Amino acid sequence: MNKKYILLILFCFTKIIFSQNIDSLKQQLEVLPDGEEKVKTIDKLITYYHLLDIEEVIDYGTKGIKLSQELNFTKAEASLNVNIGNALMYNDQQQKAKPYYERAIYLSNISGNKETLAKAYNNIGIVYDEEGKADKALQFYQRSYKLKMELGQNQSAKSTIMNIGGIYFFKGYYHKALKSFLESEKISTEIKDTLGMAHSAMNVYVVYQKLERYEEAIKKVRTAINYLIAVKQEKFLSEVYQKISMSKISLGELDSAEYYLKKGLQIAEIANDSSGLSMVYNSMASLYIQKREYKEGLFWAEKTREIREARQDVLNYPTMYGVFAEIYYGMNDLEKAEEYINKAIESSKNIYRNEALIEIYQSASAIYEEKKDYKKALEYFVLYDELEDSIQGTGMLKRVNELELQNERERQHVIVNLLEKEKQLKEMQLKKNQYTIWSVSAGLFVVLFFLFIVFRNYKQKQKANIEISNQKNIIEEKNKDITDSINYASRIQSTILPDSKIFTTYFSDSFVFYRPKDIVSGDFYFAEEKDDKVYFAVVDCTGHGVPGALVSVFGYNGLRRCINEYNLSKPADILDKLSSIVEESFKTEGKEVADGMDLALCVYDKKTKLVEYAGANNPLWVHQNEDIVQIKGDKQPVGHYHNRKPFTNHVINLNAGDSLYLFSDGFADQFGGEKGKKFKYSQFRQMVLDNVSKPMSEQKIIIGQAFEKWKGNLEQVDDICILGIRI
């Protein structure tokens, strides 16, 4: 079986050691009559699946299931199915194990056997985990953990909460992973499981490392060392020292990192621990990459490969090949670097280790950029950027504002005229100087003539100054006219669009955070009620400023027409109709205009309490069961789009207290912070999740404060519109 470790160790399932040996159990079966006692003995026997042939386990287990069915012994039948599934899992036959776990879940629910149900939930979670179906695995792990805590099975619950933390870690949800691992550490402390405390502390360390909290990471890993020494489990110390070295490398303390790696290497060699050796060797390679001693790094990388290929440790192939790629990139052997980065990418398929893929895609982009294959470099950079963003990033460039561009051209034209006038004045001044030199040498007559020229030039300069002053006044008047027009457009837009307070008439606990970039906005919110249904949306139109505002008014009226004139009630139908209206209206003289809008549209039925949703590029976030679920919209805008498909209609069951969030991309795309980077959706999602339990009015204040703090002195880059509703 592929021994799958999550961070330090992923507990798959606990082996129960019985006092009877296999031979005595087989002898008992030969003399026992058919009955419940015989079924129980078979069940005990096949718990030794790791010591029996798989065929023997299935043979005994099948006989036990048949007998338990004849006796209507449902509780034992469920347990037999779990143990057969465990044996198949142990022999790397996960797909064959799944039906046995599913049958065990069904039988345990019928018989009310919560103990077996908790085991089956946990183990089928492992099957889905191995398949890379993280969300499905997480559901079963969470059910198992809840049951185990109800039953007071803290030892087993500790293992399951570690599995949950592992899923969150590899999906990039580091704060949730941290919470899970701290909980496992708390349980281990309560039941005085010192080894479990060490494992939990190591897992917490790895999360701190990812969060770049290096000092806390080192402190936690030293705690793990004390636990391991206390229970005389020094064999794990090689891995602990390897983890400390990685923190030291991150802090740039390379000599200290080398010291800890050598300590870890010594322990692993004494224990003949191939797993520990491979980790230390790989870290040695990373250390020498940082030192730019690539030949030495290659030596350690080869030693890593020798062990991992012998152990078929496929889970760690991506990072191993990534190290080779980095070494050859540093040695400027780009062909070898490309070969190994492709191996890293290929070996990472069906493995949801996002934290490894981020580094692999980043390295691939750098390698192809160095090879001047800019197309592939861009492809991998986009993959890296999307994965780093975790939930979502649109990556779309905004069209240039045509009205503002025309205004800029007019200003540039005036500036060019002013520069031309200034050039003429300089030329005239040069002529004046030439006349002065000539007049001094020519005598009094020329002096008189020079005075005449000076007088004439004075008049010309005076005239030029008047003209410059007039041009300046024209510019100021145009600017004032433009500003007045935009202010007037803002009043018109605010008159047409609804007041944000309208949402409180439909949903008592709600907010609208609306922050235009300019005086007028290309983002807007929409609300309409008809036949006991509330229609609401957040819309992001092409561009911002005046053009965006014009499209927003058109979009708002289009939505109202779809609902009131065409009597459409499903969000997908509304978006399909709105798209055709926009595309038809923006066609001029046979030309197709690309103006359109991204939006999320919902319809809430007051009677059924159901919400229907459809989206054009923009998603809907639903907060349920202490987590935010993202429902993605279709990857197409409203308006002109090649290969357009009908929009997808989603139906969502909501409970009281569930929350909905609709938003444009302005907040996530805002540059700011200490490094002047984008805020991004991952940070935006975490901010919402951290404050989701607070009243919506308070959430609005927190969002506003967070935006101002992040933006600092930088310019706002886009319009922002966020809508929050609690059912």
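Once region 253-309 is narrowed to residues that are over 27 Å from LYS336 (Cβ atoms) and of a type in the set (A, V, I, L, M, F, W, C), the residue that is nearest to the chain's Cα centre (by Cα) is ALA268.
The requirement of being closer than 30 Å to LEU138 by Cα and under 27 Å from the mean Cα position of the chain (by Cα) is satisfied by ALA344. Check whether at least one residue in region 549-571 is part of a loop (DSSP other than H, G, I, E, B), polar (S, T, N, Q), within 24 Å of TYR604 (Cβ to Cβ) and modelled with pLDDT of 90 or more, and report yes or no. Yes.
None of ILE58, ILE42 is over 25 Å from LYS136 (Cβ atoms), touching a Gly at 6+ places or on another chain (Cβ under 7 Å) and in a helix (DSSP H, G or I) except ILE42.
Filter region 619-644 down to residues that are over 16 Å from ALA600 (Cβ atoms) and at pLDDT 95 or above, then give me how many there are.
Final tally of qualifying residues: 0.
A search for C-beta distances below 6 Å between a residue of region 130-153 that is free of Cβ contacts under 8 Å to residues at least 40 places away in the same chain and any residue that is of a type in the set (Phe, Trp, Tyr) and surrounded by 15 or more Cβ atoms within 10 Å (Cβ to Cβ), counting only pairs 6+ apart in sequence or on different chains, returns LYS136/TYR128; ALA137/TYR128; PHE140/TYR121; ARG143/TYR121; SER144/TYR121. Filtered by the rule that a residue be within 15 Å of LYS248 (Cβ to Cβ) and either in contact with a Gly (Cβ under 8 Å, 6 or more places away or on another chain) or modelled with pLDDT under 80 (or both), region 258-278 gives a lone residue, GLY264.
Is it true that ALA537 is in contact with a Cys (Cβ under 8 Å, 6 or more places away or on another chain) and closer than 19 Å to LEU610 by Cα? Answer is yes for this residue. If you filter region 127-158 down to residues that are among the basic types (Lys, Arg) and surrounded by 21 or more Cβ atoms within 10 Å (Cβ to Cβ), you find that the one that is farthest from ILE187 (Cα to Cα) is LYS148. If you check SER697 against the conditions, is it over 24 Å from CYS541 (Cα atoms) and either crowded, with 20+ Cβ neighbours inside 10 Å or not assigned by TED's automatic domain parsing to the domain that holds ASN618 (or both)? Against the criterion (over 24 Å from CYS541 (Cα atoms) and either crowded, with 20+ Cβ neighbours inside 10 Å or not assigned by TED's automatic domain parsing to the domain that holds ASN618 (or both)), SER697 does not qualify.
Taking (1) crowded, with 18+ Cβ neighbours inside 10 Å; (2) without any contact (Cβ under 8 Å) to a residue 40 or more places away in the chain; (3) of a type in the set (Gly, Ala, Ser) in turn, GLY639 satisfies each apart from (2). Of the residues in region 657-671, at least one is surrounded by fewer than 16 Cβ atoms within 10 Å (Cβ to Cβ) and either assigned by TED's automatic domain parsing to the domain that holds GLY615 or not in a loop (DSSP other than H, G, I, E, B) (or both).
Being buried (at least 22 other Cβ atoms within 10 Å of the Cβ), modelled with pLDDT of 90 or more and part of a helix (DSSP H, G or I): is that true of MET162 here?
yes
Restricted to region 551-589, and to residues there that are basic (Lys, Arg) and over 33 Å from the mean Cα position of the chain (by Cα), the residue that is nearest to VAL539 (Cα to Cα) is ARG560. Quick check, is GLU115 of a type in the set (Asp, Glu) and closer than 23 Å to LYS171 by Cα? Criteria not met by GLU115.
Considering the conditions (1) touching a residue at least 40 places away in the same chain (Cβ under 8 Å); (2) over 30 Å from LYS577 (Cβ atoms), GLN683 is excluded by exactly one of them, (1). Looking across region 672-681, the residues that are assigned to a loop (DSSP other than H, G, I, E, B) and surrounded by 15 or more Cβ atoms within 10 Å (Cβ to Cβ) come down to GLY673, PHE679, LYS680.
The values are calculated or read from the model by the stated rules, or taken from the named source; none is laboratory data. Computed from a prediction, not measured in an experiment: that's the story for all the values here. Virtual Cβ from ideal backbone geometry, glycine too; neighbours counted across all protein chains shown.
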